[in-house]
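The values are calculated or read from the model by the stated rules, or taken from the named source; none is laboratory data. Only a predicted model underlies this, so the values are computations on that prediction, with no experimental measurement involved. Here the Cβ is made from the backbone with ideal geometry for all residues, glycine too, and neighbour counts use every protein chain on show. Accessible surface is based on the protein model in full, side chains and every heavy atom, while ligands, DNA and RNA are left aside. Shrake-Rupley method; radii C 1.70, N 1.55, O 1.52, S 1.80 Å.
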Amino acid sequence: PACPNGYSAMGGQTLNPYGRKLFDTGGSSSGSAVAVAANYAVAAVGTETSGSILSPSSKNNVAGLKPTVGLLSRGGIVPISATYDTPGPITKNLIDNAILLSAMTGEDPADPATKDNPEGKKYWEDMKTGTVNGLRFGVIKAFLNDSLYRQAVEKIKSAGGIMVEFEPVQVHFDNFTKVLSADMKKDLPEYLEKYASELITVRSVSDVVDFNMNDTLARIPYGQGLFTGIVELELKPEELAEIKAILHDAGTLYFEKPMTDYQLDAI
């Protein structure tokens, strides 16, 4: 069977406090979202490559933010992909989210992506007088078939938001997982070299695969197809660069073009 969200070989199965074994926890930062939802912590840090903050935050009814990659330091975080990885705050409400985001910002020598980031930015101060009145929101027409989406649109509209319906351009994010695999093949050994104790002998993805094979029931009971796929993947640097460029252009077409075309503040 596929590995369920919220499971780790070290900690076992994380459960949704709003319905243990009834509701999904989302993934991958389910522990962070569940801890906040269950009042174990007022705030927590999640990490996201693709949905790993947003998904568990949604499933556990908390506020999660995935910042733009490079806004917050990734120093010390186990990597999947330097192209997409970022930490982000998970809290019970938006004010707390802004407070934690403010505390996490700044420049970190351990992460060159944060170079020249502003120091001491207080996002939470903007929320004292924040309003959606007069802001332009892009509304994806196809999503209006969903009652919860429609309800959210009406709430923003009633608060003075200007709703602009549009159909996004159909794009394909082919080879996205190849980027994750190729990045991890490079980024994980660099992380282990920088942060792992000398007592840790595992130094590459193939080492992880071998380690797991020594006790599959305890270490990787749901299999490790993703890891073996990473080991087997062979991509030349120019091939990887081309895939990343195509994905970047697709993302720009899907989000940034309508933001400009319709003069939107958010979608």
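Any idea which residue in the range 23-48 is farthest from S102 (Cα to Cα), counting only those that are modelled with pLDDT of 95 or more, crowded, with 21+ Cβ neighbours inside 10 Å and polar (S, T, N, Q)? Checking each candidate, the answer is T25. For E242, the requirement of being surrounded by 11 or more Cβ atoms within 10 Å (Cβ to Cβ) and either modelled with pLDDT under 95 or not hydrophobic (A, V, I, L, M, F, W, C) (or both) is met. Residues that are outside any helix (DSSP H, G or I) and among the acidic types (D, E) within the range 157-216 comprise E165, E167, D174, E198, D215, listed in sequence order. Against the test of being open to solvent by 20 Å² or more (accessible area, probe 1.4 Å), closer than 23 Å to K122 by Cα, of a type in the set (D, E, K, R) and free of Cβ contacts under 8 Å to residues at least 40 places away in the same chain, the options R74, R20 yield a single qualifying residue, R74.
Filtering the range 189-205 down to residues that are in contact with a helix residue (DSSP H, G or I) (Cβ under 6 Å, 6 or more places away or on another chain) and open to solvent by less than 50 Å² (accessible area, probe 1.4 Å), which residue is nearest to E256 (Cα to Cα)?
Looking at the filtered set, the residue picked out is V205.
Figure legend. Inter-residue proximity from the range 142-160: first residues free of Cβ contacts under 8 Å to residues at least 24 places away in the same chain, second residues outside any helix (DSSP H, G or I) and open to solvent by less than 60 Å² (accessible area, probe 1.4 Å), beta-carbon distance below 7 Å, spacing 6+ or different chains. Indicated pairs: V153/V139; V153/M163; K157/M163.
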